[in-house]
Amino acid sequence: MSPARTIRPVSVASFAQARNVRRDDEHNEVEMLMPVVAEVFGNISITKDDVDFICSGSTDYLIGGPFSFVMALDAVGVWPPRSESHVEMDGAWALYEAWTLLQEGEIDAALVYAFGRSSLGDLNEILALQLDPYYEAPLWPDPTSLAALQAQALIDAGKATEADFAAIASRSRKSALENPNAQVAIDIAPEVLLEDPYVVTPLRRHALPPITDAVAAVVLAAGDKAIEWAGRRGRKPVWITGMDHRMETHSLGARDLTVSPSTAKAAEMAGVGGGPVDVAEIHAPFASQEVIVAEALGLGGDTTINPSGGPLAANGVMSAGLIRIGEAAEAIATGRARRAVAHATSGPCLQQNLVCVLEGEA
Amino acid sequence: MTETAHEPVTTLATPIRLDFDFTPGVAQSRFLKGLAKATFMGQRCSVCGKVYVPSRGSCPTDGVPTTDDVELPNTGVVTTYCVVNVPFAGQSIEIPYICAQILLDGANISFMGLLQEIPTDQIRMGMRVEAVWVDEAELTPSLSSVRYFRPTGEPDAEYDTYKEYL
Amino acid sequence: MSERCAVIGVGQTHHKAKRDDISIAGLVREAAKAALEDAELTWADIDAVVIGKAPDMFEGNMMPEIYLAPALGAVGKPMIRVHTAGSVGGSTSIVAAHLIRSGAHKRVLTVAYEKQSDSDAMWALSVPQPFAAPLLAGAGGYFAPHIRAYMRRSGAPDHIGRMVAVKDRQNAMRNPYAHLHLADISMEMVEESMMLWDPLRYLEACPSSDGAAAMVLAAEDSISGRYPPAWVHGMAMRSEPTMFAGRDQVNPQAGRDCAADVYAQAGVTDPRKDFDVAEVYVPFSWYEPMWLENLGFCDLGDGWKLTESGATAFDGDIPWNTSGGVLSSNPIGASGMLRFLEVAMQVRGQAGEHQVDGARLALGQAYGGGSQFFSMWVVGSEKP
Ligand SMILES: [Zn+2]
């Protein structure tokens, strides 16, 4: 296996998301998804009959009931029966599964969606259940404390300062002012943010992501459909030129938390270094983690990071990664970038990472 | 070293309690509010015309919002059923009991309900039933407003009238 | 563009009510190591890992691929976690096969498991929700009314369910990994067992098991192993909505469509004749005649006649569930993969006492949810 493997060009033909909010009290998951699915099809004037495969990403633990993905399918209306799959992962991995099927050349279009309502339970308790059930979960370590361990390691290694975290948070939320779907959008200078109290040292309040209810959907298309559907909006296709994802070990004690070898490996396999990166949409829920991912991706100073505001402006668990791919594709489709990288993460302290490279046509 | 020092640890109990809010959504809220008034509120799909009760807000086959409210009667037919004889944690009903699929008159989907006031060996597919509501003072926007269903005593429905709902 | 894909290694745990001798990581490793040994490979030879299981609440461990990554040798590799309800073991195998067919990887390890005894599965399935009256008492309460509907439609006599319950437990006596080994199983024993969800009796329902299954899948240029490969001739998934007006829950359209798709891929026109053996997800005895019809092994309404004739018995013309099936071992998340795995063993000729002589082409089927999710594959000893 080599990064040079010939891949079938697949385009992000359409992207839609609900406005990211702290809590949508009015709608259930199906009602949240329906307008987004309608929009992702409507953008390119297609219907569910035009896609050959459906894949979604979500997790039961966010709503506290088993099989939460089952009813969500009612937002699409899978009748007559459809070829359909689900990953208990961020929607970015659902997109990876769909992309894999499209590589085989037997189908040409797929719908991918993700939903996650982070507001219904206590995320700090819920995410603790991702940890080793024998040695770690019984201690209920919350994700903020684990991220703080990582942030402190970064500081101790001389790789970042608290001011860097504040600068990232400030930039993210300022960028979000341009994003009508963002949840937290505000222009506050880093110096002011540094007056925030610590939540868990060395992470101050601004370095933490908001709690977000979010849903998002993408249509992938290959071949003639990619060109025709982009043309319907007067656009050129945005192609996925490479995608890969990698896992690290679970034991935090066995990892150097200041680096992300899994991101670096995925970036290498996806071919990030094959050209300049105009925009990077990075799924780093904590400001400190952006430092690590940006380094692992090999980004230079001329890359615009998270013009959407990124996860510090809206962090729908299970959908924030898929939204990164959608935002990166939109940046290209609207002429703000020619080549972009999207990143998604899962697990404590960036344990698992996915990298997707997208390119427009000249 | 004592003998027990060599025995493996086979069990580690981690009590987990998580509390969640539940958001019923627009359509289910209408259904719940109906229950508080001792009525079954359904919704009709504008594409296929089918009536869903309770509606989750979308037509499962068309994937479009269901918006037309339909008030359904108190009566319906048992399409199929089973007799539950399994004790389980959280069970609030004395076993054995009848768990029936009930198709309300005018609805196009059945839902599961408890059937009482009939010996478990006398239940039949096609039996006509009606909802028994709690006292008016106890009505709440929840399924606990329906105490149970019971036979109406009317003649059974013909198999052909409900077979497409099996 | 599509690469050929084959099963080159299989492994499974001894399935039991309670595997308290082993952790969750140990359980999945037991199956995975067996699959690697069967493929004559080591952890380092694996390019990617695909894991599946049913709801995380069964063990209280959210998105367990995160914790299990090092135990499955996935560090530094891609790892995907699939969840499609009860069909997940089948879907997981299919996702893994797509990683080969797409050319992304040469050798993929796929694993599925459930450690039901770590939590109360009945509780996990019956979490109180404001919309569901707590009536179901587990999956049996959901499926029993549909079984009654099948009996009414087909006119099947009562004893058919008991026949399946006996046949599958007799098959399990041939399978050293099966959870239930009921040497003295008989029609009388089933009839005398407790009526749980009328019309379903205790011995007509699946057990609750701890267990795992694993397979190594490989591309055509990466074949190895102790036995010849089982080539994938077709695979498909289908879903339909859980509840809709006029839904046929006895003979779901999604199952029929899924079967038509895999048969077309594999060139199967008469499943009863073309297949030598089938391993089908039958968690409650009556689902054998129901799925015989749904999968087109006979005409509508005739499934029970096929069962009654002995055609699906071990020595029948189309043996079903030679492993003992879900009725004999049910580690939920792994149950679908065990179906896919058993048919791979059959066409590789490694099934030992439950080997069907000369099996060349076989169907594996899994379903889940309220019979709205289906996954199937056809494997054969010949290259497609
Ligand atoms: Zn409709």
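Here are some notes:
- Residue among B:21, B:135, B:105 with the largest mean-square fluctuation in a Gaussian network model of chain B, springs linking Cα atoms under 10 Å: B:21
- Shown is the FRET efficiency for residue B:140 and residue A:302, computed with R0 = 45 Å from the Cβ-Cβ distance and rounded to the nearest 0.05: 0.15.
- Note on region B:26-165: with charges restricted to the Cβ of Lys and Arg (+1) and Asp and Glu (-1), its dipole about the Cα centre is near 400 debye.
- With a Förster radius of 35 Å applied to the C-beta separation of residue B:93 and residue A:233, the computed FRET efficiency comes to 0.05.
- Among the GluC sites (Glu not before Pro) within region A:292-362, those in coil by DSSP and having at most 14 neighbouring Cβ atoms inside 10 Å are A:361.
- Highest-fluctuation residue, C:236, C:212, C:311 considered, GNM on chain C with Cα pairs under 10 Å: C:311
- About its Cα centre, region A:83-146 has a charge dipole of approximately 200 debye under the convention of +1 per Lys or Arg Cβ and -1 per Asp or Glu Cβ, with nothing else charged.
- The alpha-carbon of residue A:236 sits under 15 angstrom from the alpha-carbons of these aspartates and glutamates, leaving out residues fewer than 8 places away in its chain: A:224, A:228, A:330, A:359, A:361.
- Residues C:315, A:187, B:69, sorted so that the one with the fewest Cβ neighbours within 10 Å comes first: C:315, A:187, B:69
- Computed over region B:26-165: relative contact order in percent, which uses C-alpha pairs under 8 Å that are six or more apart: 23 percent
- Residues with amide H under 5 Å from that of residue A:56, placed H, sequence gap 5 or more: A:85, A:86, A:87, A:113
- Exposed loop positions in chain C were taken to be trypsin sites (Lys or Arg not before Pro) whose DSSP state is not H, G, I, E or B and which have at most 15 other beta-carbon atoms within 10 angstrom. Between these positions, the longest stretch is C:19-225.
- For chain C, the equivalent ellipsoid derived from the alpha-carbon gyration tensor has semi-axes of 30, 24, 20 Å in decreasing order.
- Ranked list, fewest to most other Cβ atoms within 10 Å of each Cβ, for A:117, B:147, B:30: B:147, B:30, A:117
- Highest-MSF residue in chain C out of C:143, C:244, C:373 [GNM, Cα springs under 10 Å]: C:244
- Scanning chain B for GluC sites (Glu not before Pro) that sit in a DSSP loop and have at most 14 other Cβ atoms within 10 Å, the longest stretch containing none of them is B:1-93.
- Whole-angstrom Cα spans of the protein assembly as shown along principal axes, big to small: 77, 72, 70
- Measuring r between the beta carbons of residue A:155 and residue B:19 and using R0 = 25 Å, the FRET efficiency lands at 0.10.
- About its Cα centre, the dipole of chain A is roughly 740 debye, where the only charges are +1 on Lys and Arg Cβ and -1 on Asp and Glu Cβ.
- Around the amide H of residue A:77, modelled in the peptide plane, lie the amide H atoms of B:63, all under 5 Å away and 5 or more residues distant in sequence or on another chain.
- Low-density loop cleavage sites - chymotrypsin sites (Phe, Trp or Tyr not before Pro) in region A:130-176, where at most 15 other Cβ are within 10 Å (DSSP): A:134, A:135
- Debye intensity ratio in log₁₀ form over the Cα atoms of region B:26-165, taken at each q of 0.09, 0.11, 0.21 Å⁻¹: -0.28, -0.42, -1.30
- For region B:105-166: relative contact order, % (alpha-carbon pairs under 8 angstrom, 6 or more apart): 40 percent
- Among the residues of C:70-76, the average count of other protein chain beta-carbon atoms within 10 Å of the residue beta-carbon is 5.
- Estimated 222 nm signal from helices in the protein assembly as shown, with DSSP H stretches of n ≥ 4 weighted -39500 (n - 2.57), rounded to 500: -8000 deg cm²/dmol
- Exceeding the 23 Å Cα-Cα cut-off - candidates C:18/C:53; A:48/B:33; A:225/B:50: A:48/B:33; A:225/B:50
- In order along region A:247-264, phi translates into HN-Hα couplings of 10, 10, 6, 7, 6, 4, x, 9, 10, 8, 6, 8, 10, 10, x, 5, 5, 4 Hz, rounded to whole numbers, per the Karplus curve 6.51 cos²θ - 1.76 cosθ + 1.60 with θ = phi - 60° and x for Gly and Pro.
- Residues whose amide H falls under 5 Å from that of residue C:80, counting only those 5 or more places apart or on a different chain, are C:49, C:50, C:51, with hydrogens built in the peptide plane.
- Other protein chain C-beta atoms within 10 Å of residue C-beta, averaged over C:83-91: 4.
- Order of A:10, B:132 under a 10 Å beta carbon neighbour criterion, fewest first: B:132, A:10
- For region C:187-277, the list of GluC sites (Glu not before Pro) that fall in a loop by DSSP and count at most 13 other C-beta atoms within 10 angstrom is empty.
- Computed from phi, the 3J(HN,Hα) profile of region C:365-382 under the Karplus parametrisation 6.51, -1.76, 1.60 (θ = phi - 60°) reads 9, 9, 9, x, x, x, 6, 10, 10, 10, 9, 8, 9, 10, 10, x, 6, 8 Hz, with x in place of Gly and Pro.
- Relative contact order for chain A, counting Cα pairs under 8 Å that sit 6 or more residues apart, in percent: 25 percent
- Directionally averaged shadow of chain A, computed from the convex hull of its alpha-carbon atoms, nm²: 17.3 nm²
- Local electrostatic count, residue A:279, Cβ distance below 10 Å [Lys/Arg +1, Asp/Glu -1]: -1
- Scalar couplings 3J(HN,Hα) for region A:66-81, obtained by applying the Karplus form with A = 6.51, B = -1.76, C = 1.60 to θ = phi - 60°, are x, 6, 5, 6, 5, 5, 4, 4, 5, 6, 9, x, 7, 9, x, x Hz; x denotes Gly and Pro.
- Shape of region A:41-157 from the C-alpha gyration tensor: prolate (a/c of 1.5 or more and a/b above b/c, with a ≥ b ≥ c the square roots of its eigenvalues).
- Computed P(r) (all Cα pairs; region A:296-362; 10 Å bins; percent): 19, 54, 24, 3
- Top positive-direction residue, dipole computed over the protein assembly as shown with Cβ charges, set C:205, C:163, C:298: C:298
- Positive-end residue, region B:26-165 charge dipole about Cα centroid, Cβ charges, pick of B:35, B:83, B:114: B:35
- Mean partner shielding of peptide B:75-81, defined as the number of other chain Cβ atoms within 10 Å of each residue Cβ, is 3.
Computed from the coordinates by the stated procedures, all read-outs in this text should not be read as laboratory data. The structure presented is a predicted model; accordingly, all values stated were derived computationally and were not measured. Reconstructed Cβ throughout: ideal geometry from the backbone, glycine too, with neighbour counts over all protein chains shown.
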